[in-house]
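I have placed the structure first, in the form of structure tokens, so that the comments after it can refer back to it.
Bear in mind that the values in this text are calculations on the coordinates, not laboratory data. Bear in mind that the values here come from a model prediction, so they are computed numbers and not experimental data. Cβ sites come from the backbone with ideal geometry, for glycine too, and all protein chains shown count toward neighbours.
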């Protein structure tokens with residue numbers, strides 16, 4: 001009977017030791033996993049802050065560009081001359097052509113633009129404008 005008792009006691013000790021080792025391993029693994037997740041969270045927060053800073057900088061740059069009202073380069077300038085639309089090169093002094101488009105036949109808002117000098121980006125845009133308003 002003592003042999004059975006000592007075997008039971010020995011097996012109980014082994015089971016308790018195994019359970020203790022498993023618990024320690026489980027908690028140690030959880031601690032490592034938790035530490036990895038915490039490091040990832042910190043890294044994601046930093047990346048998020050960097051993205052927000054880049055987005056804010058892009059918005060500020062866009063606002064600055066809008067506030068400066070950057071003008072795209074143009075090749076031609078439409079001006080009113082003797083009641084007709086005249087086409088000048090971008091310098092505003094060299095005449096390219098005088099059209100047969102009468103100013104009074106154009107819409108009021110377009111007349112105002114031409115009075116102030118309507119810029120045309122390139123030759124294709126110029127021909128498109130002339131085709132639309134030539135009778």
Going from the fewest other Cβ atoms within 10 Å to the most, one would list 84, 96, 37, 76 as 37, 84, 96, 76
Bin by bin, in steps of 5 Å, what percent of the Cα pairs in the chain do you find, going until the bin that has the longest distance? 2, 8, 10, 10, 6, 5, 5, 4, 4, 4, 4, 4, 4, 3, 3, 3, 3, 3, 3, 3, 3, 2, 2, 1, 1, 0
Over all directions, segment 9-61 yields a Cα convex hull whose mean projected area in nm² is 3.1 nm²
Here FRET efficiency (C-beta to C-beta, residue 37 to residue 65, R₀ 41 Å, nearest 0.05) is 0.45
Would you work out the relative contact order for the chain, in percent, from Cα pairs under 8 angstrom that are 6 or more residues apart? 18 percent
If you line up the long axis of helix 2-68 against the longest principal axis of the chain, both from Cα atoms, how many degrees apart are they, to the nearest 10? 10 degrees
With each run of n ≥ 4 DSSP H residues scored as -39500 (n - 2.57), what mean residue ellipticity at 222 nm is computed for the chain after dividing by its residue count and rounding to the nearest 500 deg cm²/dmol? -23000 deg cm²/dmol
Whole-Å distance, taken between Cα centres, linking segment 29-63 and segment 85-126: 53 Å
Could you tell me what a quarter of the Cα convex hull surface of segment 74-113 works out to, in nm² with one decimal place? 2.8 nm²
